[in-house]
Every structure is written in structure tokens, then in C-alpha cells.
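The values are calculated or read from the model by the stated rules, or taken from the named source; none is laboratory data. Computed from a prediction, not measured in an experiment: that's the story for all the values here. Here the Cβ positions follow ideal geometry from the backbone for every residue, glycine too, while neighbour counts run over all protein chains shown.
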Amino acid sequence: MGLSFDPDRVSLSIGHFIGGELIAAEGAIEMRRPSDGNAYAAGPVAGADMVDRAVESAKAALKASNWGGVRPRERTRALQAWADLIEAEAETLARIEALCSTRPVGQLIAGDIAITAEQIRFFSEFADKEGSELVPTDDASLGMIMSEPYGVVGAITPWNFPISMAGWKLGPALAAGNAVVLKPSEMTPFSAVYMAELATRAGLPAGLVNVVLGDGPTTGTALTGHPDIAKVSFTGSTRAGSAIMENIARAGVKPMTLELGGKSPQIVFADADLDKTATAIAGSVTFNAGQACVAGTRLIVERSAADRLTAAILEKMKAARPGPTWDEATHYSPIISERQRARVDNIVRAAVEAGGECLTGGNFMDSPGYFYEPTLIANVDQANPAIIEEIFGPVLTVQTFETEEEALALASHPTYGLASGLFATDLSRTIRFARKLEAGTVWVNRYSRSRDHILPTGGYKRSGIGKDLGRDAYLANRRTKSVLISL
Ligand code: NAD
């Protein structure tokens, strides 16, 4: 049996987590398991009152614990204890996640959960290493840039990697001395609730980590517009990012980090190792069934290598087999919901209508749950819906080029600039391209993150503002004050 489990026997804490306690609540959001479509819970929607209660609890916890003002090493130790507990409870956490989301249980313990625990440790180490600085002034004065936490950070996360996204927000905000009110996606909130329970059990002050459940328009709007939320950290679609900016502008002014959508190109030159390239490219659109912000969904290949590379990618795409996320043997994920699967299908159909040719896929899979075939579409121009839209499903397009200029022109997207891949062995060309690509990340001869958490992630263009991960994410959770002392 190993990690496989019976989905009907997983117990969930259903409710908000505020002040170190679960506030049991059910509501109107019908939640269905992506792997078989069965309903399993009715999610609540926190209104402005509940959000206010969470913010008050965060403020009270900061005051009572002096979290932002204790010896920084104490924050490091507390966060590391939390990371240790997350790892110790990995099986329980993995079951909750695999039940509700698209993440297969076999990928969670050594993947999402181990990485999240390590990222929390990584951020905890900044607490006593990054701080205020003395700066050069004339000798009649002393100049200082004083670094401080914000207070209460409001965080909002998407459904595609619920544990990882919660970790990206909570780790740096807490290490930097803030309290957090987190609103996870209404489709996958329960792993975040359990992570908050673990934070309290690990000894973090009650109320430092609060989780409110609900949707964007009600709960998200109340959170981002709350006057005592000093900073907003958001990951999700560009559409929701715009709505959040608008809401914040209406309610006042506050700093925000926005990690938004993508439509990332993968450019392949004929001198690349085509077998390894095919594995990386097929992997990037089949991993989590393409439901990754950085999924490399636009293959742009030098014409002389196109047939060989496309054939190798097709073979790998066709090998994907659906399976429930609670089966340890499953590699290929379902789509999160029936609605999202219909959206994927509609864009594929519109792409074909506009002249695209499906080389494989383009259909629902014959399986319970919301599975969609890995899909490869050729004959697409820059106006084709499969090129323009962030599909957020297992759909790859293929386009060819002959010159570097053509490759660059195809790679450029009118809206997005999140990530990009470059496969080539000519070093000078690689560096030339890395300089020219308009994206927050350029992966060369690979298409995945490593476990080097020091590399920040974030978008150019409408893929976002600011960075997650890296030193940048820690610093984005502190503000600075210039102090000038006349001697
Ligand atoms: P989404 O934008 O629909 O929802 C994300 C979160 O925002 C959810 O918690 C949702 O309830 C909330 N929300 C929606 N409207 C809101 C509003 N008006 N005010 C406040 N909160 C609101 O995105 P999704 O479908 O959950 O996730 C997929 C999207 O997330 C894709 O576009 C993907 O590229 C993006 N994403 C980006 C990154 C990154 O690092 N750039 C990482 C993961 C996912």
C-alpha cells in the first residue's frame, strides 16, 4: 500500500484558523475531488467580520509575543521547529493535499512538502543575517537605514500547488517578523489550515498564522482592502492581480507583491541535446497536467530539428496515464475542476478553429475525474488563442524558426513574461538570448526549478510585480526607515 490511501478515510479540519484555534465552519462552496469528481466538503466564505477577527488576532499576537522585536535567532528557531513538524507530519499533510488538489501523493512527500519545509528553514536563516545598515554621511552625523517588519501581511494563494504557495508566502513574512492572514484558494484550502495548526503546535505564538477560507470577491476583497493589512502578497491570475490592485487603490495605498500568470516559451536550437530537451519540454507541460504558472507551453524550435524533437515529445506525451492522486503510482494529474477542464477544452477547440492542428490530444480522458489528454498543437500563428491565452492545462504549441531574430520575435508575448527555456550548446548564443528574453526566469538546458531557494521567481510585463523566493522575498517583507542623527 505504501503512500496510497483511501480518500473516504481522510479527516479534514473544515473552518477558519484564527488565534491558534480552528473555528469550524461550513458554507456554500461545493468542493469536489479532482480525481473522481465526488463532493467532499462545503467550504465556508469568510465575510468582512471574520477577516477582521483574523486581522485583530494577528495584531494581538504580534503585540503579546513581540515577534518582530525578539532576538532574531528566536524566530529562526521557532520557524525551524515548524519546518521539522511539517516534515514529521508529511504523510497526513500529503493525504489532505492529494485528496483535495491535483497533486499526486507520490510526488508530495519528497517533493512539495520537503521543499516547503526546506524553504521555511531557508527564510528563517535571514532573520539574524539581514538587517539595518549604517551608511556613509559626513562626520557630523550618523546615517542609518533601519529595517523593520510591516506588521500584518495579507497573503492570497492559488490552487495549483497549495502547500508550496502557502510556504512561499508564510516563510519570508514570518521570518521577517510579521504576522500573516492567509486566504488560500477556495478550491484547496485545507492543507493551509493544517499547516497553520502545525505552526501553533510547533510553538509559534497563537495568532501569528491565521487562515481564512473563502472566495476572491468576498474574502479576498475584505482582506486586501483591510486598513490594518500593511502589505499584500498575492499569487494567482493576472486578472485577479488587476482586481486586487484596483481594490487596494480604492481602499488606499499599500505595497504589494503580485506573482501572476505566464505563457512561457521554450526555444530550442538544433545544436541542443534533443533527447534531453524532449524530456524537459514534455515534462514541463505534463507535470501537474500543465497547471503551473511557469509551464513552458510554447515550443519554438529551429526548423531543421523540428520533426525529430516533435516526434520525441509526442511519444512522451502519449505515455501519460491518468490515475487518482491518492494512488502512489500516479504521475499524471487531473485538472482541478470540471469548469477549468471545460475552459481548457474550449481554448483547444478555438485554437483548431483558428487553423491549429492537434498532433495529439484535444479530448477529455476516458477516466473518472477531470483528466485531459496531453495536447500538442501545430500550425499556430501569434494570434492563435493557444498562443495568446494562459490555458493552465496540458497543452503545448509548436512553432518553428530559422533565424535568431525570428525566434526572439516568436518568444515575446504581448501579455506575459514569467519564465522561458533555452536549449542550445553554443555558449555565446545562450548568453545573448538570456539577455534578450523578456522574462523573470531563463532556464538553460533544463526546464524546472532547482532546490536553490536563493534564486528569486517573478514576472516581467503583466506576469507580476516583485519576487517570491530568494533574498528578495525576505526583503519584500521588511520596510526601511532612514534615520539621520546629528552629532
Ligand atoms: P485565481 O487568480 O483565480 O485565484 C488565486 C487566488 O486569488 C484565489 O485564492 C482566489 O480566491 C483569489 N482571488 C480571486 N479574485 C480575487 C480578488 N478579486 N481579490 C482577492 N483575491 C482574489 O488563480 P487560480 O486559478 O487559483 O490559479 C491559477 C493562476 O495562478 C494562474 O494564472 C497561474 O499562472 C497563477 N500562478 C502564478 C504563480 C507565480 O509564481 N507567478 C504561481 C502559481 C500560480
All but one of (1) assigned to a helix (DSSP H, G or I); (2) among the aliphatic types (A, V, I, L, M); (3) within 11 Å of the ligand (Cβ to nearest atom); (4) in contact with a helix residue (DSSP H, G or I) (Cβ under 8 Å, 6 or more places away or on another chain) hold for residue 165; state the number of the condition that does not hold. (4)
State yes or no: is residue 437 over 17 Å from the mean Cα position of the chain (by Cα) and surrounded by 13 or more Cβ atoms within 10 Å (Cβ to Cβ)? yes
If I go through segment 199-221 residue by residue, how many of them are surrounded by fewer than 21 Cβ atoms within 10 Å (Cβ to Cβ) and among the hydrophobic types (A, V, I, L, M, F, W, C)? 2
Looking only at segment 457-472, count how many residues are away from the ligand (no atom under 11 Å from the Cβ) and within 17 Å of residue 232 (Cα to Cα). 1
Restricting attention to segment 173-186, does a residue exist that is assigned to a loop (DSSP other than H, G, I, E, B) and touching a Lys or Arg at 6+ places or on another chain (Cβ under 6 Å)? yes
Could you please give the count of residues in segment 368-384 that are surrounded by fewer than 20 Cβ atoms within 10 Å (Cβ to Cβ) and more than 21 Å from residue 160 (Cα to Cα)? 5
Count of segment 201-226 residues which are closer than 11 Å to residue 58 by Cβ and in contact with an Asp or Glu (Cβ under 8 Å, 6 or more places away or on another chain): 2
In segment 222-246, residue surrounded by the fewest Cβ atoms within 10 Å (Cβ to Cβ) [restricted to those that are near the ligand (Cβ under 6 Å from one of its atoms) and of a type in the set (S, T, N, Q)]: 237
Of the residues in segment 421-470, those that are assigned to a helix (DSSP H, G or I) and without any contact (Cβ under 8 Å) to a residue 24 or more places away in the chain come to 427, 428, 430, 431, 434, 435, 470
Could you go through segment 140-162 and let me know if any residue there is of a type in the set (Gly, Ala, Ser), in contact (Cβ under 8 Å) with a residue 60 or more places away in the chain and either within 16 Å of the ligand (Cβ to nearest atom) or closer than 18 Å to residue 467 by Cα (or both). yes
Hey, which of the strands (runs of 3 or more DSSP E) in segment 1-44, taking only ones fully inside, have at least 3 residues that are over 21 Å from residue 339 (Cβ atoms)? 15-18, 21-24
Within segment 29-44, does at least one residue satisfy the condition of being of a type in the set (Gly, Ala, Ser), at positive phi and touching a strand residue (DSSP E or B) at 6+ places or on another chain (Cβ under 8 Å)? no
First in segment 238-267 and farther than 19 Å from residue 459 by Cα and assigned to a loop (DSSP other than H, G, I, E, B), second anywhere and modelled with pLDDT of 95 or more and more than 11 Å from the ligand (Cβ to nearest atom), Cβ under 8 Å, 6 or more apart: 252/227; 254/229; 254/230; 254/231
